[in-house]
Amino acid sequence: MDEGGSRIRRRVSVRKRTRPSLGSIFAAPTAAELKPGDEKEEQEEKEMGAGRRRRKTVGVQPVESYDSEEDMFDDYDSFAENSFLAQLDDLEQKYMQLPERREHATDVATEDLCSDSIKHKLSVTTLDNFTELKTDVHTKNQSEYEDVSTESGADLLCDVPSSQVLYFENLQNSLNDLGDQSTKERDWNSSSHKTVNEELPRSSIEQPQQIDESSSTVKTSSDVNRKKSLKDHLKSTMTGNAKAQTPIFSRTKQLKETLLSEEINVAKKTIESLSDDLGPFYSLPSKVRDLYVQFKGIEKLYEWQHTCLTLNSVQERKNLIYSLPTSGGKTLVAEILMLQELLCRRKDVLMILPYVAIVQEKISGLSSFGVELGFFVEEYAGSKGRFPPIKRREKKSLYIATIEKGHSLVNSLIETGRIGSLGLVVVDELHMIGEGSRGAILEMTLAKILYTSKTTQIIGMSATLSNVEDLQEFLQAEYYTSQFRPVELKEYLKINDAIYEVDSKAENGMTFSRVLGYKYSDTLKKMDPDHLVALVTEVIPNYSCLVFCPTKKNCENVAEMICKILSKDCLKHREKEKQEVIQNLKNLSGGSLCPVLKRTIPFGVAYHHSGLTSEERKLLEEAYSTGVLCLFTCTSTLAAGVNLPARRVILRAPYVAKEFLKRNQYKQMIGRAGRAGIDSTGESILILQEKDKQKVLELISRPLENCYSHLVQEFTKGIQTLFLSLIGLKIATNLDDIYHFMSGTFFGVQQKILLKEKTLWDITVDSLRYLTEKGLLQKDTILTEKGLLQKDTICKSEEEFQYSFQITNLGRASFKGTIDLAYCDVLYRDLKKGLEGLVLESLLHLIYLTTPYDMASQCDPDWMIYFRQI
Ligand SMILES: Nc1ncnc2c1ncn2[C@@H]1O[C@H](COP(=O)(O)OP(=O)(O)OP(=O)(O)O)[C@@H](O)[C@H]1O
């Protein structure tokens, strides 16, 4: 009895000691609370339609060095009564008399100490059909009990990442859909609050009415009721569990679990010994292979995947860049390497992806693996993500992050001295390192990892890499490439009504293929001058088709235009399911539906761009993936890795907005054509006008664009932000170290190409000087060969001295508040002025203070309106 009780009390005392004061919670953000790059991500999020928030600064949770014990009680002290824990002890005394129930009940008690959300998360489901999975989970918990109790109970009790809860919910929904009668009879609302441990015989759950009644006094305050209900729930669950018979678990399940942990132990040893014998599945338990068959239908690896995974450099954990055409199956290799790291080397893994939508797609794809194999899948995108991440002792975490959130995560790990816990970092679409300020953030992230952790392996992949040598030098990585593509991709161009095949051997890069056979009336020609309907009706409704359009508005117009011309027969194709899609979309937005989608969905057509909310997007993507919708008109964002392939991809014009297509963009877009395992071939058709012919011929024949560092070009969002964070996080604080850091960046590798007129030393010195003059840094002490001099000592030549720098308050606030350094001083001045006197006569002053400067610079206010308002 005391064992369990004392364990709980001990945890409480730890919590009390380490819990931050209210003051510190509400104090100005510290350390990794406010992360560089979040604003940019907002932009991207907006772009992908995943969020519509606007703000000048971004607040994140306070930084604490959470350990798993703290997490267990996180958020609870705030609403539980002081006597709550004492009552818990009483309850233990009362209901845990039977020694054989002790462990089980303690388990439940501690679980119930967790928030409703955690309970909810742990309440896998109560469906009969799902008992197997729950039993599985419970068995795992039981088998882990030893570790849990001797360490901290962390893995059982800590925050299950929402991503994995989603997995359970999805499973629950799909089981629900099966329409099992017994399922229907259940009350879902109530069952959703049950814990895994409540999956016990009904008789044992229907219990302690007396205790409930006697202990609960009626109070009017809702708060008190909340506390009471928690307490009652606790009591009732504990009593129920105390009386319950120990559930009988399937022997087969238990055996499977034992086998899995045995296999993992063997795999750990194999991987440590660097043996050539890779065991049942690339040093992983055979269960992983089974899961790939079960969840992804992948029975066998492609030859290149096998070769890549068995490379010596990969076995030796060297950094690796690999490049294959789109749909080549790159992700699977990365996933296997990630699983080796999580399961065998017992380290956390970070996967960086370019967009929120892709992170979400990956989360849902990998959550099932996490549940089955015992690791956490954590989302770092949009508003999701905790800094620093929860420290877990047993299970490892796979963080799936956008570029910006990945950077913040790495910053927080460095700041808390935990960067070594990151065993592997995988970067998908590595070529994005050459794209503007997002590229600069990716570069900073990787450079910081390289500088601070010698044990973290970095793997980058892309379908569109050109100057790989530079990247190899930066990442100190090996390179693997192959031209493998499981489904052949045929490229076509359409000029007027003739179709040409792209042919590198032909004199002008193309050969005539055919003339479009579709008969157009004069009216139709006016409506559809590019013969889009002729092209799409060769494919839909039986196969899927993507039409890339230059703008969002164009997506909508093209979708409508196509539907006006399409035969009414299309309406009959999967009619009922399309109506369901419409209904589901309506449900998402309180009964209303975009009039364009209302007209196009019955034809199986929809637009896909950043104007959709993430829920709408998911719904439409699902309908498209299952063939209910057969045509998407979309913008280029869909090309960046969202797995929605099509039999035919049509590029409406060789433009993205007003910019002429880049080779990389073209490759990514046409790469969506040809579905592995479904299509035997994929086709792309680029529609062009005579005037663009020459440019297009160059586009299809020239090599991919090189990628170049944007670290210095993106001055305030690049090198300036980097230096501030290096000094703020104490990664490098003196001139010498900072210069050394810079030499190891992608810019350092390309400096001679990018900025010939200046040396890297000069660039470093100039940037530090600029930050110092701006009041973001201050020189601390001066280190000379003769010793330390005071900071105000005048020095003649920078080279003679080694400055040590400190971040100022303004610098820290800017770095942590993700403020663009271009206007951090203006913002500070404005806020300071606001402190002197806030004009509340009208809303004008408040609007001024809360309008981001970059937004303000995009519009040209009519000052007379303001004048009249005042
Ligand atoms: N060995 C395999 N056998 C069968 N299918 C596979 C295999 N490997 C990958 N696939 C499937 O091929 C499809 C494309 O794979 P993946 O998304 O990994 O390609 P990619 O190279 O990352 O493409 P992109 O550059 O477009 O992101 C996926 O549906 C994946 O499940």
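The values are calculated or read from the model by the stated rules, or taken from the named source; none is laboratory data. In this text, all values refer to a predicted model and were calculated from it rather than measured experimentally. Glycine gets a Cβ as well: all are built from the backbone with ideal geometry, and neighbour counts include every protein chain shown.
The helices (runs of 4 or more DSSP H) found wholly in the stretch 779-870 and carrying at least 3 residues that are within 22 Å of Thr764 (Cα to Cα) and at pLDDT 85 or above occupy 809-816.
As for the stretch 368-379, it holds at least one residue that is more than 23 Å from Ile419 (Cβ to Cβ), within 16 Å of the ligand (Cβ to nearest atom), in contact (Cβ under 8 Å) with a residue 12 or more places away in the chain and not hydrophobic (A, V, I, L, M, F, W, C).
Looking at the stretch 497-515, can you tell me whether even one residue there is under 30 Å from Glu622 (Cβ atoms), buried (at least 18 other Cβ atoms within 10 Å of the Cβ) and modelled with pLDDT of 90 or more? No, the stretch 497-515 has no match at all. Being within 14 Å of the ligand (Cβ to nearest atom), farther than 22 Å from Ile458 by Cα, part of a helix (DSSP H, G or I) and not polar (S, T, N, Q) is a condition met by at least one residue of the stretch 341-357. Restricting attention to the stretch 566-575, does a residue exist that is charged (D, E, K, R), surrounded by 14 or more Cβ atoms within 10 Å (Cβ to Cβ) and assigned to a helix (DSSP H, G or I)? No, the stretch 566-575 has no match at all. Within the stretch 424-445, the residues that satisfy the criterion of being touching a strand residue (DSSP E or B) at 6+ places or on another chain (Cβ under 6 Å) and either more than 18 Å from Val359 (Cβ to Cβ) or within 16 Å of the ligand (Cβ to nearest atom) (or both) are Val426, Val427, Asp428, Glu429, Leu430, His431. Consider the stretch 292-312 and keep the residues that are among the hydrophobic types (A, V, I, L, M, F, W, C), within 13 Å of the ligand (Cβ to nearest atom) and in contact (Cβ under 8 Å) with a residue 12 or more places away in the chain. The one that is surrounded by the most Cβ atoms within 10 Å (Cβ to Cβ) is Cys308. Return the residues of the stretch 673-706 that are at pLDDT below 90 and within 16 Å of the ligand (Cβ to nearest atom); say none if nothing qualifies. Across the stretch 673-706, the qualifying residues are Gly674, Arg675, Ala676, Gly677, Ile678, Asp679, Ser680, Thr681, Leu704. For the stretch 462-475, the count of residues that are part of a loop (DSSP other than H, G, I, E, B) and away from the ligand (no atom under 16 Å from the Cβ) is at least one. Might you let me know whether the stretch 576-591 holds any residue that is among the hydroxyl-bearing types (Ser, Thr, Tyr), under 26 Å from the mean Cα position of the chain (by Cα) and assigned to a helix (DSSP H, G or I)? No, the stretch 576-591 contains no residue that is among the hydroxyl-bearing types (Ser, Thr, Tyr), under 26 Å from the mean Cα position of the chain (by Cα) and assigned to a helix (DSSP H, G or I). Scanning the stretch 633-663 for residues that are within 16 Å of the ligand (Cβ to nearest atom), within 16 Å of Ile685 (Cα to Cα) and within 25 Å of the chain's Cα centre (by Cα) yields Cys634, Ser636, Ala639, Pro645, Ala646.
Does Lys454 count as within 16 Å of the ligand (Cβ to nearest atom) and free of Cβ contacts under 8 Å to residues at least 60 places away in the same chain? When the stated conditions are applied, Lys454 does not pass them.
Conditions: (1) near the ligand (Cβ under 6 Å from one of its atoms); (2) at pLDDT below 90. Gln315 meets all but one. Number of the miss? Only one criterion in (1) near the ligand (Cβ under 6 Å from one of its atoms); (2) at pLDDT below 90 is unmet by Gln315, namely (1).
Results for (1) modelled with pLDDT of 95 or more; (2) under 20 Å from Ile433 (Cβ atoms), shown as yes or no for each residue.
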{"position": "Met351", "(1), (2)": "yes, yes"}
{"position": "Pro354", "(1), (2)": "no, yes"}
{"position": "Gly374", "(1), (2)": "no, no"}
{"position": "Phe387", "(1), (2)": "no, no"}
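For Ser614, the conditions (1) farther than 16 Å from Glu556 by Cβ; (2) at pLDDT 90 or above; (3) not aliphatic (A, V, I, L, M) all hold with the exception of (2).
So, in the stretch 318-340, of the ones that are of a type in the set (Gly, Ala, Ser) and within 7 Å of the ligand (Cβ to nearest atom), which residue ends up surrounded by the most Cβ atoms within 10 Å (Cβ to Cβ)? Top of the filtered list is Gly328. Do you know which residues across the stretch 697-730 are outside any loop (DSSP other than H, G, I, E, B) and of a type in the set (Gly, Ala, Ser)? Within the stretch 697-730, Ser701, Gly718, Ser725, Gly728 qualify.
Taking the stretch 331-356 as the range and being in contact with a strand residue (DSSP E or B) (Cβ under 6 Å, 6 or more places away or on another chain) and among the charged types (D, E, K, R) as the test, the residues that pass are Glu341, Arg345, Lys347, Asp348. Every condition in (1) within 21 Å of Glu361 (Cβ to Cβ); (2) away from the ligand (no atom under 16 Å from the Cβ) holds for Ser625 except the one numbered (2). Against the test of being on the phi < 0 side of the Ramachandran plot and touching a strand residue (DSSP E or B) at 6+ places or on another chain (Cβ under 7 Å), the options Val502, Val533 yield a single qualifying residue, Val502. What about Ser482, is it in contact (Cβ under 8 Å) with a residue 60 or more places away in the chain, within 16 Å of the ligand (Cβ to nearest atom), in contact with an Asp or Glu (Cβ under 8 Å, 6 or more places away or on another chain) and of a type outside the set (A, V, I, L, M, F, W, C)? So Ser482 does not fit the description; no.
Answer yes if at least one residue in the stretch 731-754 is modelled with pLDDT under 90, part of a loop (DSSP other than H, G, I, E, B) and surrounded by fewer than 17 Cβ atoms within 10 Å (Cβ to Cβ), and no otherwise. No, the conditions are met nowhere in the stretch 731-754. Taken over the stretch 531-548, the criterion of being in a loop (DSSP other than H, G, I, E, B) and either modelled with pLDDT under 90 or within 13 Å of Ala646 (Cβ to Cβ) (or both) is satisfied by Glu538, Val539, Ile540, Pro541, Asn542, Tyr543, Ser544.
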